[in-house]
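K.L.:
Questions regarding the structure given below will be posed in turn.
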Amino acid sequence: MEKFEPNIQQNIKPNNLLIKQKPSKRLALTGMLAASLMMLPGMLGVSPAMAQQKNDRELSYSELIKKAQSGEVKKVELDETEQIARVFLKSQKPDAQPLQVRLLNQNSELIGKLRQSKVDIEPVSSANSRAAFGLLINLMWILPLVALMLLFLRRSSNASSQAMNFGKTRARFQIEAKTGIKFDDVAGIEEAKEELQEVVTFLKQPEKFTAVGARIPKGVLLVGPPGTGKTLLAKAIAGEAAVPFFSISGSEFVEMFVGVGASRVRDLFKKAKDNAPCLIFIDEIDAVGRQRGAGIGGGNDEREQTLNQLLTEMDGFEGNNGIIIIAATNRPDVLDAALLRPGRFDRQIIVDAPDRKGRLAILQVHSRNKKIDPSVSLEVIARRTPGFTGADLANLLNEAAILTARRRKEAITPLEIDDAIDRLTIGLTLNPLMDSKKKRLIAYHEVGHALLATLLPHSDSLNKVTIIPRSGGIGGFSQQIPNEQVIDSGLNTRARMKDDITVTLGGKATEVEVFGEAEVTNGAVSDLKAVTNIARKMVTVYGMTDVGLLALESHNQDVFLGRDWGTRNEYSEEMAIKIDRKVREIANECYQIARNIIRENRTLVDRLVDLLIEQETIEGEQFRQIVAEYTPLPEKELAKSN
Ligand code: ADP
Ligand code: MG
Ligand code: ZN
């Protein structure tokens, strides 16, 4: 082929040859895959120059030979790399640019011909400026490419190092935790506090206990409703225990990938052993500790593996090696039984909603940094807020402070406290209704509740009755002060429950007495629900009726998690009918009592309604005074006024 080409060349017309010899074709001949990258700069750099020179300073191959033979050529420079011959003619000026001839691969023939014509031949080794320029352009292409590749490499190595860290625990580790919370900041849950303080002494002076052969507990489980201060308690321990403290939330173990949680648990315990004696705090442990193989939709591999690892680790270390695990949950009912057996979380500390004394203590803690008017009695607030948790109380004082600021007052007064309680328990106040039939109807309904609450012997006394509407579709309400003894002891009586039902039905009873059956509204929906709830429990849970001393319905109604989902009815069809009949009987009986009392006190009711429409709110004290003008108050109210 090599020899063949120049031969063809000579037989072809010179013009044709020139046209066909395009630079791109030349590059394509040398083209390897890798070289394709350089093609663009190559074309950019070379071809425009070529096109420019073609007309004036280019010479064809055969013309060169012709000129050489006729002796016009003085000198030829052969540039192998560029494949160009620069031809200096005898006729041209010494400083003029040489003519160029594109060369073919094989130049031996040309050289031979030139020799024959005694032309001066000078080989020029490439490295002219244009080639260097081309190289530069190529480099400029390559550099960013290399940089890009490095970037990718770096990133992927990052990703892989992240993957390697997957199994590392995310626990926050503190040798001396600075949570800023002291035992003093936790109030109202004294027993829990003491127990945990004891746990810390286990860690600090284990000899005291091991000397008498006591095994130090491995795990302590804080159990209680949300907002009672479990996390707060753990933070306080971290601050005061003066031992290393690991804290992690149960949900931080749970990952998308099976096995990650388990390796995090392993890592956590390894670190803890290196730092013993120390405390591990796992908040919201139900996130991992849920009953295995339960729940809607079957088990969860990742969670179960994590839990298994946790169980193994807790078994793995022998007692007295200075690690104590504190965990917190508000769902002990869904925890796996294996987690709760002695030897693991063998101590359970119940952190319950505080009693009145506890509420007072918590209020004292949270009022420390607030400006409170001396007329505010924390004692009274504590009495008015049964069932409030620590978090609720903190929120209450904060709400009151916000209201105070909004009203541009110096300090929180009882009024703001009152409004804050209503806001939290009932809803935001809306603008009062215009005088209308609707307003009258609401007033009668609420006065009905309020009057029954005052007159019935076992019901809770009235705090206030109002017809200022609240958010959530509440037209007004009558509010009772919960009986302290009942709330604190948790013991309710049948008499109180029945009076409760009667008070709750009092609204509807009054509407019927005053406006007649036809005018009764749908405003009593929640009243009826509450009534059904209490009455049903009296029959099926508390065994208070002649239906029998049976617990007919399981108490736990948490249908959506863990075990026992779906209510189990442990009675026959026949029993169901009996229950329904009994519930209706109770409701009807109470309803009749309510209607009777309203009918007998109709003038009093009308007067109270007029006053309520005028004032929009009647406080309990004023209400009782008016009632006393018409009918004797029951003993419970007399005891109060003394
Ligand atoms: P949980 O029991 O749900 O973990 P937290 O400990 O997170 O509740 O309590 C939330 C907030 O409520 C606390 O930051 C604190 O301000 C307040 N609080 C709850 N319980 C108490 C308490 N016993 N004493 C003081 N403040 C409390
Ligand atoms: Mg918590
Ligand atoms: Zn009502």
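K.L.:
Does at least one position in the range 486-493 carry a residue that is in the same structural domain as VAL627 (by TED's automatic domain parsing), buried (at least 19 other Cβ atoms within 10 Å of the Cβ) and more than 21 Å from LEU393 (Cβ to Cβ)? Walk me through how you get there before you give the answer.
P.N.:
To start, the set of residues in the range 486-493 that are in the same structural domain as VAL627 (by TED's automatic domain parsing) comprises 486-493.
Then drop every residue that is not buried (at least 19 other Cβ atoms within 10 Å of the Cβ), which leaves none.
So far as the range 486-493 goes, no, none of its residues is in the same structural domain as VAL627 (by TED's automatic domain parsing), buried (at least 19 other Cβ atoms within 10 Å of the Cβ) and more than 21 Å from LEU393 (Cβ to Cβ).
K.L.:
Looking at the range 217-234, which of the residues that are in a loop (DSSP other than H, G, I, E, B) and buried (at least 18 other Cβ atoms within 10 Å of the Cβ) is farthest from ligand 3 (Cβ to nearest atom)? I'd like the intermediate steps shown before the answer.
P.N.:
Restricting attention to the range 217-234, the residues satisfying the condition of being in a loop (DSSP other than H, G, I, E, B) are 217-218, 224-229.
Narrowing the set further to residues that are buried (at least 18 other Cβ atoms within 10 Å of the Cβ) leaves 217-218, 224, 227-229.
On the way: PRO217: 50, LYS218: 52, GLY224: 32, GLY227: 28, THR228: 31, GLY229: 34 Å.
The selected residue is LYS218.
K.L.:
Starting from the range 560-588, keep only residues that are on the phi > 0 side of the Ramachandran plot and in the same structural domain as ALA495 (by TED's automatic domain parsing), then list their pairs with residues that are at pLDDT below 60 and surrounded by 16 or more Cβ atoms within 10 Å (Cβ to Cβ) whose Cβ atoms are within a distance under 9 Å, requiring at least 6 positions of separation or different chains.
P.N.:
GLY562/ALA294; GLY562/GLY295
K.L.:
Does ARG341 satisfy being among the charged types (D, E, K, R) and either modelled with pLDDT of 85 or more or buried (at least 18 other Cβ atoms within 10 Å of the Cβ) (or both)?
P.N.:
Values: among the charged types (D, E, K, R): yes; either modelled with pLDDT of 85 or more or buried (at least 18 other Cβ atoms within 10 Å of the Cβ) (or both): no.
In short, no.
K.L.:
Sticking with this one: Any idea which of ILE468, ILE412 is in contact with a strand residue (DSSP E or B) (Cβ under 7 Å, 6 or more places away or on another chain), over 28 Å from VAL539 (Cβ atoms), buried (at least 16 other Cβ atoms within 10 Å of the Cβ) and not assigned by TED's automatic domain parsing to the domain that holds LEU528? It would help to see each step written out before you state the result.
P.N.:
Values: ILE468 fails: not assigned by TED's automatic domain parsing to the domain that holds LEU528.
Matching residue, one of ILE468, ILE412: ILE412.
K.L.:
Considering only helices (runs of 4 or more DSSP H) fully contained in the range 420-519, which possess at least 2 residues that are within 16 Å of LEU608 (Cα to Cα), in contact (Cβ under 8 Å) with a residue 12 or more places away in the chain and of a type in the set (Val, Ile, Thr)?
P.N.:
Working: elements: 437-455, 484-489, 494-515.
So the answer is 437-455, 494-515.
K.L.:
Would the range 521-529 turn up any residue that is more than 12 Å from ligand 3 (Cβ to nearest atom) and either modelled with pLDDT of 90 or more or closer than 19 Å to ARG384 by Cβ (or both)? Break it down stepwise before answering.
P.N.:
Within the range 521-529, the subset more than 12 Å from ligand 3 (Cβ to nearest atom) is none.
Within the range 521-529, none of the residues are more than 12 Å from ligand 3 (Cβ to nearest atom) and either modelled with pLDDT of 90 or more or closer than 19 Å to ARG384 by Cβ (or both).
K.L.:
Also, quick follow-up: Please find, within the range 524-551, the residue that is nearest to ligand 1 (Cβ to nearest atom) out of those that are surrounded by 14 or more Cβ atoms within 10 Å (Cβ to Cβ) and charged (D, E, K, R).
P.N.:
Restricting to residues being surrounded by 14 or more Cβ atoms within 10 Å (Cβ to Cβ) and charged (D, E, K, R), the top hit is LYS537.
K.L.:
I've got another one for you. So ALA127 fits all but one of (1) at positive phi; (2) at pLDDT 85 or above; (3) not basic (Lys, Arg); what number is the exception?
P.N.:
Unmet condition: (2).
K.L.:
Could you please let me know if ASP488 is more than 16 Å from ligand 2 (Cβ to nearest atom), at pLDDT 90 or above and at negative phi? Write out each step before concluding.
P.N.:
Details: more than 16 Å from ligand 2 (Cβ to nearest atom): yes; at pLDDT 90 or above: no; at negative phi: yes.
No, not satisfied.
K.L.:
Further question on the same structure: Within the range 250-270, is there a residue that is buried (at least 21 other Cβ atoms within 10 Å of the Cβ), within 23 Å of PRO217 (Cβ to Cβ), within 16 Å of ligand 1 (Cβ to nearest atom) and modelled with pLDDT under 85? Lay out the reasoning, then the answer.
P.N.:
Residues of the range 250-270 that are buried (at least 21 other Cβ atoms within 10 Å of the Cβ), as a first pass: 250, 253, 261-262, 264-265, 268-269.
Checking the rest, the ones that are also within 23 Å of PRO217 (Cβ to Cβ) come to 250, 253, 265, 268-269.
If we keep only those that are within 16 Å of ligand 1 (Cβ to nearest atom) as well, we get 250.
Narrowing the set further to residues that are modelled with pLDDT under 85 leaves 250.
Taking every residue of the range 250-270 in turn, at least one turns out to be buried (at least 21 other Cβ atoms within 10 Å of the Cβ), within 23 Å of PRO217 (Cβ to Cβ), within 16 Å of ligand 1 (Cβ to nearest atom) and modelled with pLDDT under 85.
The values are calculated or read from the model by the stated rules, or taken from the named source; none is laboratory data. Here the structure is a predicted model, which means the values were calculated and not measured. Here the Cβ is made from the backbone with ideal geometry for all residues, glycine too, and neighbour counts use every protein chain on show.
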